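Participant: Sharing a structure, written as structure tokens. Questions coming.
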Amino acid sequence: MSAEPQRELEVLHLGRVDYLTAHRLQQERLARRIAGEVPDGLLLLEHDEVVTLGRGESISAADRSALEARGVELIDVERGGEATWHGPGQLVAYPIIELREGERDLHRYLRTLEQVVIDVLAGLGIEGSRKDGLTGVWIDEQKVSSIGVAVRRWTTWHGVSLDVSNSLETFGAFHACGLEPGIMTRVVDRAQVPTDDPLLANAFARAFATRFGRRPVE
């Protein structure tokens, strides 16, 4: 029996997109992917400043007050995980892919997403790692990437953030992912980011396609 042909991965570079617009784009793409109208997709972008609240434990009243005092918008979303920050200088990747037979294991999916980030960091000479019992990617004792996903009819949405050159100031005002303020780090504090790929979007797309066995098209 011949192997299944490699699936296409449509890579969409969207630039700066506000969160609610990106959420709507995800929902539209998700519905079309489930219907078989479009191939697997990878949305790459950055957001205006926002804190999203996943299905994990609710954000504390103190954290909510601190963020609201800074004028940061808080939005409840469908993904797993807790509260996290998005903003300019941070790469956000939303894979909208159909998990095939053999891929339908959400723990495996999360670990593969982590490996994609680890691969991107390795390309810059940075050693990324996992921590037992936690989702995301770390450099030494600081977190550089957060992951929160949702799946509908074995089709993924929501995704990954990678702190590249963004400010870490707001991270210091609340317990992102339920962790202590100040736990986050950035790629630019560890290595020089290529000027032709300032958000590492191209590197992420290549690593994602390799790890998930897709053929990237733009």
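Participant: Is segment 1-110 best put as rounded, prolate or oblate by its Cα gyration tensor, with a ≥ b ≥ c the root eigenvalues, rounded for a/c under 1.5, and otherwise prolate when a/b is larger than b/c, oblate when not?
Facilitator: prolate
Participant: When the Cα centres of segment 139-218 and segment 63-126 are compared, how far apart do they sit, in Å?
Facilitator: 6
Participant: May I ask you to evaluate 6.51 cos²θ - 1.76 cosθ + 1.60, the Karplus curve with θ = phi - 60°, for each residue of segment 153-162 and list the ³J(HN,Hα) values in order in whole Hz, giving x for glycine and proline?
Facilitator: Each residue of segment 153-162 in turn: 6, 6, 10, 8, 8, 6, x, 10, 10, 10 Hz.
Participant: Which value at 222 nm does the chain reach when only helices count, each DSSP H run of 4 or more adding -39,500 (n - 2.57), with the total divided by all residues and rounded to the nearest 500 deg cm²/dmol?
Facilitator: Calculated from helices alone, the mean residue ellipticity at 222 nm is -8000 deg cm²/dmol.
Participant: With springs connecting C-alpha atoms under 10 Å apart, model the chain as a Gaussian network and identify which of Q192, Q27, Q115 has the largest mean-square fluctuation.
Facilitator: Ranking Q192, Q27, Q115 by mean-square fluctuation puts Q192 first.
Participant: Which ³J(HN,Hα) values, rounded to whole Hz and listed in residue order, are derived for segment 117-126 from phi using the Karplus coefficients 6.51, -1.76 and 1.60 in 6.51 cos²θ - 1.76 cosθ + 1.60 with θ = phi - 60°, glycine and proline given as x?
Facilitator: Running phi through 6.51 cos²θ - 1.76 cosθ + 1.60 with θ = phi - 60° gives 5, 4, 5, 4, 5, 4, x, 9, x, 9 Hz.
Participant: Taking the DSSP beta bridges in the chain as the whole, what percent of them are antiparallel, to the nearest 5?
Facilitator: Antiparallel bridges: around 65 percent, rounded to the nearest 5.
Participant: State whether the chain is rounded, prolate or oblate according to the following rule on the C-alpha gyration tensor (a ≥ b ≥ c being the square roots of its eigenvalues): a/c under 1.5 gives rounded; otherwise a/b larger than b/c gives prolate, and the remaining case gives oblate.
Facilitator: Because a/c hits 1.5 or more and a/b exceeds b/c, the chain counts as prolate.
Participant: Still on this model: Express as a percent, rounded to the nearest 5, the fraction of DSSP beta bridges in segment 125-205 (both residues included) that run antiparallel.
Facilitator: Here the share of antiparallel DSSP bridges comes out near 90 percent.
Participant: Classify segment 119-188: rounded, prolate or oblate, from the alpha-carbon gyration tensor (a ≥ b ≥ c, eigenvalue square roots; a/c under 1.5 rounded; otherwise prolate if a/b is larger than b/c)?
Facilitator: Note, shape of segment 119-188 comes out oblate.
Participant: Under 5 Å between amide hydrogens, which residues at least 5 positions from R7 or on another chain qualify, with H placed 1.01 Å from N in the peptide plane?
Facilitator: Result for R7 returns R215.
Participant: If the elastic network links every pair of Cα atoms under 10 Å, which of W138, W85, W154 fluctuates the most in the Gaussian network model of the chain?
Facilitator: Largest GNM mean-square fluctuation: W154.
Participant: Quick one: 3J(HN,Hα) in Hz for segment 5-10, Karplus 6.51/-1.76/1.60 with θ = phi - 60°, rounded, Gly and Pro as x.
Facilitator: Couplings: x, 5, 6, 6, 10, 7 Hz.
Read-outs throughout are calculated quantities, based only on the coordinates presented, and are distinct from any laboratory measurement. Values in this document were obtained by computation on a predicted structure and should not be read as measured data.
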